[in-house]
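A short worksheet on the structure shown next.
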Amino acid sequence: MADGKHTASGRALTELVLKLFQLNNQLLTAGDRLVAGIGLTSARWKILGTIAAEDRPRPVAWLARDLGGNRQNVQRIVNDLASEGLVGFESNPHHRRAQLVVLTPAGRAVLEQAMRRQTPWIN
């Protein structure tokens, strides 16, 4: 991929970044396969895990920021999770329209199932 403009270090870093993108795609595919049987995808799993890991409920915009994602995409997934009873919403005392997202008992149970599947895979 030499274009005559990159230094040797620039070419090496470009190759590393491309390998990281490839690894990310492979991890997402593996995650999708791991949790497909419990109705999750890697994206849904990641959002449930982020909600569970927070010290207090957060609005969708904050979750998106914490995930480095797009608010609209996170909102769509959160809405899907809510329609399945895996997350719920609470009033936000700081912002009337930006509700706080919380795990429901069903969401916590599905997340625990995902983590039980992940443990032997990661070990």
With 0.36 nm assigned to each residue of separation and the Cα-Cα distance removed, Ala106 to Arg71 gains 10.2 nm
For the stretch 39-123, whose charge dipole is built from +1 on Lys and Arg Cβ atoms and -1 on Asp and Glu Cβ atoms, the candidate among Ala106, His94, Pro120 with its Cα farthest towards the positive end is His94
Note to self: with every protein chain in place and a 1.4 Å probe, the chain gives an accessible area per residue in Å² of 67 Å²
Rg (Å, one decimal) plus Dmax (Å, integer) for the alpha carbons of the stretch 19-77? 12.3, 35
Over the stretch 54-112, with every protein chain in place, what whole percent of the accessible area is carbon and sulfur at 1.4 Å, could you tell me? 47 percent
According to the Kirkwood expression over distinct Cα-Cα pairs, how big is the hydrodynamic radius of the stretch 71-123, in Å? 12.5 Å
Trypsin sites (Lys or Arg not before Pro) restricted to DSSP loop in the stretch 68-104 with at most 11 other C-beta within 10 Å: Arg96, Arg97
Report, to one decimal in Å, the Kirkwood hydrodynamic radius for the chain based on all distinct Cα pairs. 16.3 Å
Projected label distance in nm at Arg11 and Asp32, using a 7 Å step from Cα toward the beta-carbon: 3.4 nm
Hey, in the GNM for the chain with a 10 angstrom Cα cutoff, which one of Leu20, Leu63, Leu111 fluctuates hardest? Leu20
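The values are calculated or read from the model by the stated rules, or taken from the named source; none is laboratory data. What you see is a predicted model, and the numbers here were worked out from it, not measured in a lab. All Cβ positions, glycine included, derive from the backbone under ideal geometry; neighbour counts span all protein chains shown. Remember, those area values only see protein heavy atoms, side chains included, never the ligands or the DNA or RNA. Shrake-Rupley method; radii C 1.70, N 1.55, O 1.52, S 1.80 Å.
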